[in-house]
Amino acid sequence: TTGHITLDDGYANTGSCTSSVTFLDGDNGILRYRGYPIEELAAGCDFIEVAHLLIYGELPNAKQLEDFKNSIRRHTMIHEEMRAFYNGFPRDAHPMAILSSVVSALSTFYQDSLDPIDPRQVEVSIHRLLAKLPTIAAYSYKKSAGQPFIYPQNDLSYCENFLQMMFAVPCEPYEIDADAVAALNLLLIVHADHEQNCSTSTVRMVGSSNANLFASISAGISALWGPLHGGANEAVVLMLERIIQEGGDVSKFVNMAKDKKSNFRLMGFGHRVYKNFDPRCKIIKQACDKLLAKLSVSDPLFDVAQQLEQVALSDEYFIERKLYPNVDFYSGVIYRALGIPVQMFTVLFAMGRLPGWIAHWVEMHRSPTKRIYRPRQIYTGPTQRKFQPIEKR
Ligand code: SDX
């Protein structure tokens, strides 16, 4: 038996820990960052404000926000020699592979901010990561597009800067689209944290060994990449495109998802915690409607997604198992409307989740019961056996 292990081992030996960052109520579809409902933050904040709330525990006043933004602005460029990494990746390298590699490599260029115990070094590494992740992400897209890297512009907001690094080209003027900026800001906010999900638990686990913040976040990026986790947003769009290519019969795919032998799941459906609805999905779906109407574009994927949701939610199999659309189900429709290529969807998820990962990493380090995570197991292997030399096997 594993014996009785108390919660305040801070996950050291159990699969759960105490945290004050985010509250989830899966039965009632409630999500709050540091006590503030996600709906109010999504409607009233900018992403850096929410990042401040998650990391420092409070919504900033105007001066605190300006100071935070100014400090981040000072770190938006990456060391020029880091650009050489991009030449080493194949042109079709998945940007999540590039992101986790280059984020880990930050620890080789910024060795003056690696100590996870020194508060000043931790503060610098937090601001460096928040500032550089969009740059690293945009450069991974430019590499795949065969276009020149576009430097950050510090007179722009966080979201404006990312979009111009993604889509500006030296030979054309680039116009910031306010609707696109607002949609990206909302998406980053609703992705910013989500309690002890797979990637956040990974960041806490890796950080508990006193690995530096860059290495811990790189591990979180790798965990997020999985199609059962953050990679689902890319998988949803590939699934919707497949449904359209195969004639648009959503019932066929709903039935396939019910057939265990098919090994097919409706991507963007289901959640370990939400057994009613994912509040983020509601917010994103409303934003889809608004953005597509504003851009006066109709996206066949959005139409198919809504049909799929309707058919699935009236089917016993999904109702019995409480499988509802999650955060990944509609987010891809907005990313497409912004011109973001599908391989970059999970990268955007990582950009949104970064402040949450950082908040949990800091909280884990500050816990009075902080210890290296070392979950135990129930051993099911063979009992002791007698060794036989190879000539006797
Ligand atoms: C995220 O944890 C977080 O908070 C994650 C996240 C975050 O913000 O960090 O919210 C982000 O990762 C959202 C989830 C994105 N993943 C997907 O959309 C992939 C598709 N969904 C699943 O594979 C699944 O629903 C999970 C991974 C999300 C949850 O898996 P669970 O809780 O382990 O559920 P399960 O695999 O035990 O399934 C329970 C039953 C099974 O059927 P039975 O064995 O009871 O007959 O439901 C079925 C499953 O086969 N099922 C599905 C299904 N999801 C579960 N059947 C068809 N399609 C699906 N999508």
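Taking every DSSP helix (H) stretch of at least 4 residues in the chain, weighting each as -39,500 (n - 2.57) and dividing the sum by the residue count yields a mean residue ellipticity at 222 nm of -17000 deg cm²/dmol. The 3J(HN,Hα) values that the Karplus relation (6.51, -1.76, 1.60; θ = phi - 60°) gives for region 263-275 are, in residue order, 6, 10, 10, 6, 5, x, 10, x, 6, 5, 9, 6, 10 Hz. Gly and Pro appear as x.
Annotation: per residue accessible area for region 71-119 equals 52 Å², rounded to a whole number [probe 1.4 Å, protein chains only]. Rounded if a/c is under 1.5, else prolate if a/b beats b/c, else oblate: with a ≥ b ≥ c from the C-alpha gyration tensor eigenvalues square-rooted, which is region 244-292? Oblate, since a/c reaches 1.5 and b/c is not below a/b.
For region 273-359, the fraction of 1.4 Å probe accessible surface lying on carbon and sulfur atoms is 51 percent. The modelled label-to-label distance between D315 and S157, using points 7 Å beyond Cα along the C-beta direction, is 4.0 nm.
A simple count of charges around F277, restricted to other residues whose Cβ falls under 15 Å of its Cβ and scoring Lys, Arg +1 and Asp, Glu -1, yields +1. For a straight C-alpha distance cut-off of 25 angstrom, no lysines are reachable from K386 once same-chain residues fewer than eight places away are disregarded. With the highest mean first, a sort of the peptides 299-311, 231-243 on other beta-carbon atoms found within 10 angstrom per residue produces 231-243, 299-311.
In this simple spin-label model, placing a label point 7 Å from the Cα along the Cα-to-Cβ direction at both E58 and V342 gives a separation of 4.6 nm. Ranked by the mean number of other Cβ atoms within 10 Å of their residues, highest first, the peptides 256-262, 136-142 come out as 136-142, 256-262. Amide H contacts of I30 (H built 1.01 Å from N, in plane; Pro and chain starts excluded): D25 sit under 5 Å, all sequence-distant by 5 or more or on other chains. Residues in region 124-151 near a label at R91, defined as backbone nitrogen under 12 Å from the 7 Å Cα→Cβ point? Those under the cut-off are 143-147.
Carbon and sulfur atoms: what percent of the 1.4 Å accessible area of region 102-187 do they account for? That share works out to 54 percent. For the peptides 68-76, 47-55, the ranking by packing is 47-55, 68-76, with the highest mean count of neighbouring Cβ atoms within 10 Å listed first. Here's the list of lysines a cross-link from K322 could span, going by alpha-carbon distance under 24 Å and ignoring same-chain residues fewer than 8 apart: K252, K258, K260, K261, K275, K282, K285.
Ratio of Rg to Rh for the chain: 0.99 [Cα atoms; Kirkwood radius as inverse mean 1/r over pairs].
The values are calculated or read from the model by the stated rules, or taken from the named source; none is laboratory data. Note that the coordinates shown come from a computational prediction; the quantities given were computed from them, not determined experimentally. Here Cβ is always computed from backbone atoms with ideal geometry, including for glycine, and neighbour counts include all displayed protein chains. Accessible surface is based on the protein model in full, side chains and every heavy atom, while ligands, DNA and RNA are left aside. Shrake-Rupley method; radii C 1.70, N 1.55, O 1.52, S 1.80 Å.
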